[in-house]
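Asks: This is the structure I want to talk about, given as structure tokens.
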Amino acid sequence: MSALAGLRVIDCATLFAGPTASMILGDYGADVIKIEHPKNGDPVRNHGYKKDGVSLWWAYISRNKSSLALDLSKKEGAEIFLRLAAQSDVIIENFRPGTLERWGIGPEELFAINPKLIIARVTGFGQYGPYSDRPGFGTLAEAMSGFAALTGTPDGPPTLPAFGLADAIAGITTAQAIMTSLFALNNPRSESFNQGQVIDTSLIEPIMATLGPQSLIYDQLGIKQKRTGNRTENNAPRNIYQSADGKWLAISTSSPSIAERLMRLIGHPEVIDEPWFHEARGRVAHADQLDAYLNDWIGVRNSQEVIDEFSRAQAAVAPIYDIEDILKDPQLDARETIVHIHDPALGLIRMQNVIYKLSRSPGSIRWTGKPLGADTEAILSEKVGLSNEEIDDLLSNGVITIASS
């Protein structure tokens, strides 16, 4: 039995944050109905790399979801949405604030038919505030959260990630918020017992929460954290170092004991007796010296030798992987971090597995992202109770799309 078997989720969000949340819920057994515009579908269908016309992003982020192509802006589509919502547990949406209300399917109407609904609203800036009606994307959140200001070299510009970092963090956060709300719904000690609620997730706040106490540091000490490249203000040595075979290795010494073992390993035990060595800030002040020692030692050894020596010394090191390295790593292979899945259009493919492991009710990838409207007919017939004639009328009026077989 899957952990979330019996949980019905309606996902009418687009792109990445909301769909990431529903993907996680679907991975653990939730019945996820993905609602898309019948003409255009989710923009992810045309995002990034494709093979034989199939979006690889779509195959990944829409796994374990049924596809219902339904126009929510039309009266008939809104009515079907309400009928589905009446028998669902969670709704995830990311329209501009006020859009669902304008269509007559906002929280007021939804709670009227299903008081126990959890409604997760994911937007760039949140449901209120002076920026709430602005278009918001992960790039803006990465910029405004402080992330970009802290990322990059000290003499270089602020740096954005090459992937949807803010969206991914917001999606994982939203999945956690949904589970918190579901627990409160069923918890007699909660003020929300037997009552649904609205989750308001912005893209900015979750990524900001990952940056540590920078607001507290500024508030109490007046210090603005700066870009430090691959170093950190919190410990040293901490950097990347190139081995003799051209591989890059990441090293961290978050505790004095690891720093001591490292210095003994590379032949500089004398620094351990320095008064500055046992305080992290002291080691940071001498980062140039420590990095020079490490570069000299690592630079004349191949990467596997460095890793083996670090392992014997119980010092922390990791190779910097690209995706080819990831697919070959024995640790990740043992944990099935990447799994083989059959896709009807692509054949046997590899993608990331579920993100955490449960001992009694593990998640799984049951299918990949489906064609637009693949389940429209079945959902409307079996879950909404429409007749064939009613479905034909909706199809002819452009309210729905049914995938061609």
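Asks: For region 188-205, just list the computed ³J(HN,Hα) in residue order, Karplus coefficients 6.51, -1.76 and 1.60, θ = phi - 60°, integers in Hz, with x standing in for Gly and Pro.
Replies: With coefficients 6.51, -1.76 and 1.60, one gets x, 8, 9, 5, 9, 4, 6, 10, x, 7, 9, 9, 10, 10, 9, 6, 6, 5 Hz.
Asks: A further question follows. Viscosity 1.002 mPa s, temperature 20 °C: Stokes-Einstein D of region 81-204 from its Kirkwood Cα radius, in µm² per second? If you can, show how the numbers build up before the last one.
Replies: Working: Rh = 16.0 Å.
Taking Rh from Cα pairs, D becomes 134 µm²/s.
Asks: Tell me, what is a quarter of the convex hull surface for the C-alpha atoms of region 314-375, in nm² with one decimal?
Replies: 6.8
Asks: Can I ask one more? Per the Kirkwood definition applied to all pairs of different Cα atoms, how many angstroms is the hydrodynamic radius of region 128-172?
Replies: 11.6
Asks: If the chain between residue 51 and residue 337 were fully stretched, how many nm would it gain, using 0.36 nm times the residue separation less the Cα-Cα distance?
Replies: Values: separation 286, 0.36 × 286 = 102.96 nm, distance 2.30 nm.
Stretched out fully, the residue 51 to residue 337 stretch lengthens by 100.7 nm.
Asks: Same structure, new question: Want the number for residue 113 to residue 382: 0.36 nm per residue separation, take away the alpha-carbon distance, what's left?
Replies: This chain segment gains 94.9 nm when fully extended.
Asks: Tell me the volume per residue, in Å³, of the convex hull enclosing the alpha carbons of the chain.
Replies: Spread over its residues, the Cα hull of the chain gives 188 Å³ apiece.
Asks: Additional query: Magnitude of the Cβ-charge dipole of region 1-108, K/R +1 and D/E -1, about the Cα centre, nearest 20 debye?
Replies: The calculated dipole for region 1-108 is roughly 320 debye.
Asks: Could you tell me, in Å, what Rg and Dmax come out for the Cα atoms of region 197-271?
Replies: Considering region 197-271 through its Cα atoms, Rg and Dmax are 18.1, 60 Å.
Asks: In the neighborhood of residue 240, defined by Cβ-to-Cβ distances under 12 Å, what is the net charge if each Lys or Arg adds +1 and each Asp or Glu adds -1? Mind showing how you got there, number by number?
Replies: Working: positive: 231, 238, 247; negative: 291.
Charge balance in the 12 Å sphere: +2.
Asks: Which FRET efficiency value, to the nearest 0.05, is calculated for residue 101 and residue 194 with the Förster distance at 22 angstrom and r the Cβ-Cβ distance?
Replies: On the way: r = 25 Å, r/R0 = 1.12.
Step by step, r from the Cβ atoms, then E = 0.35.
Asks: Here is a further query. Rounded to the nearest percent, how much of the accessible area of region 350-405 (1.4 Å probe, protein heavy atoms only) is carbon and sulfur? If you can, show how the numbers build up before the last one.
Replies: Details: 1520 of 3340 Å².
Ligands and nucleic acids excluded, carbon and sulfur give 45 percent.
Asks: Quick query: amide H of residue 199 versus all other amide H atoms, modeled in the peptide plane; which residues come in under 5 Å with a sequence gap of 5 or more or a different chain?
Replies: The answer is 119, 120, 121.
Asks: Turning to a different aspect of this structure: So for region 1-144, Kirkwood radius off the Cα pairs, Stokes-Einstein at 20 °C and 1.002 mPa s: how many µm² s⁻¹?
Replies: On the way: Rh = 15.9 Å.
D = 135 µm²/s.
Asks: Another question, then. Equivalent-ellipsoid semi-axes (√(5λ), Cα gyration tensor) for region 1-65, whole Å, largest first?
Replies: Numbers: eigenvalues 99, 32, 16 Å².
So the three semi-axes of region 1-65 are 22, 13, 9 Å.
Asks: Next question, about the same structure. Once Rh is set to the Kirkwood radius over Cα pairs, what Stokes-Einstein translational diffusion coefficient, in µm²/s, holds for region 250-405 at a temperature of 25 °C and a viscosity of 0.890 mPa s?
Replies: Answer, rounded: 115 µm²/s.
Asks: Got a sec to turn the phi values of region 114-123 into Karplus ³J(HN,Hα) couplings, 6.51 cos²θ - 1.76 cosθ + 1.60 with θ = phi - 60°, whole Hz, x for Gly and Pro?
Replies: Couplings: 8, x, 9, 5, 9, 10, 9, 10, 10, 9 Hz.
Asks: Okay, moving on. So which lysines pass the test for residue 50, namely a Cα distance under 27 Å, with those fewer than 8 places away in the same chain ruled out?
Replies: 34, 39, 65, 328, 370
Asks: From the alpha carbon gyration tensor of region 338-405, can you work out the equivalent ellipsoid semi-axes (sqrt of 5 times each eigenvalue) and give them in Å, largest to smallest?
Replies: Semi-axis lengths for region 338-405 are 33, 16, 8 Å.
Asks: Return the FRET efficiency for the residue pair residue 355, residue 273: r is the Cβ-Cβ distance, R0 is 35 Å, and the value is rounded to the nearest 0.05.
Replies: On the way: r = 44 Å, r/R0 = 1.26.
FRET efficiency, residue 355 to residue 273: 0.20.
Asks: Counting only helical runs of four or more DSSP H residues, what would the 222 nm mean residue ellipticity of the chain come to if each run contributes -39,500 (n - 2.57) and the total is spread over all its residues?
Replies: -10000 deg cm²/dmol
Asks: Relative contact order for region 174-325: what is it in percent, counting Cα pairs under 8 Å that are at least 6 residues apart?
Replies: 22
Asks: Please state the charge dipole magnitude for the chain, taken about the Cα centre, from unit charges on C-beta atoms (+1 on K and R, -1 on D and E), reported in debye and rounded to the nearest 20.
Replies: My answer is approximately 220 debye.
Asks: Also, I was wondering about something else. Working from the pairwise distances between different alpha carbons, so that the mean of 1/r is found and then inverted, what is region 122-261's Kirkwood radius in Å?
Replies: Evaluated on region 122-261, it is 18.1 Å.
Asks: Let me ask something additional. Which semi-axis lengths, in whole Å and largest first, follow from the square roots of five times the eigenvalues of the Cα gyration tensor of region 103-142? Write down the numbers at each step before the final one.
Replies: Values: eigenvalues 137, 24, 12 Å².
After scaling each eigenvalue by five and taking roots: 26, 11, 8 Å.
Asks: Okay, next question. Please work out the FRET efficiency for the pair residue 245 and residue 312, using the Cβ-Cβ distance as r and a Förster radius of 22 Å; give the result to the nearest 0.05.
Replies: 0.70
Asks: Related question: Got a sec to turn the phi values of region 87-102 into Karplus ³J(HN,Hα) couplings, 6.51 cos²θ - 1.76 cosθ + 1.60 with θ = phi - 60°, whole Hz, x for Gly and Pro?
Replies: Those phi angles translate into 10, 10, 10, 9, 10, 10, 9, 9, 5, 4, x, x, 5, 4, 4, 5 Hz.
Asks: Before I look further, what does region 134-211 give for accessible area per residue, probe 1.4 Å, in whole square angstrom?
Replies: Values: 4150 Å² over 78 residues.
For region 134-211, the per-residue accessible area is 53 Å².
The values are calculated or read from the model by the stated rules, or taken from the named source; none is laboratory data. This one's a predicted model, so the numbers in the text were calculated from it and none came from an experiment. Cβ sites come from the backbone with ideal geometry, for glycine too, and all protein chains shown count toward neighbours. The accessibility values were calculated without ligands, DNA or RNA, using every heavy atom of the protein model including side chains. Shrake-Rupley method; radii C 1.70, N 1.55, O 1.52, S 1.80 Å.
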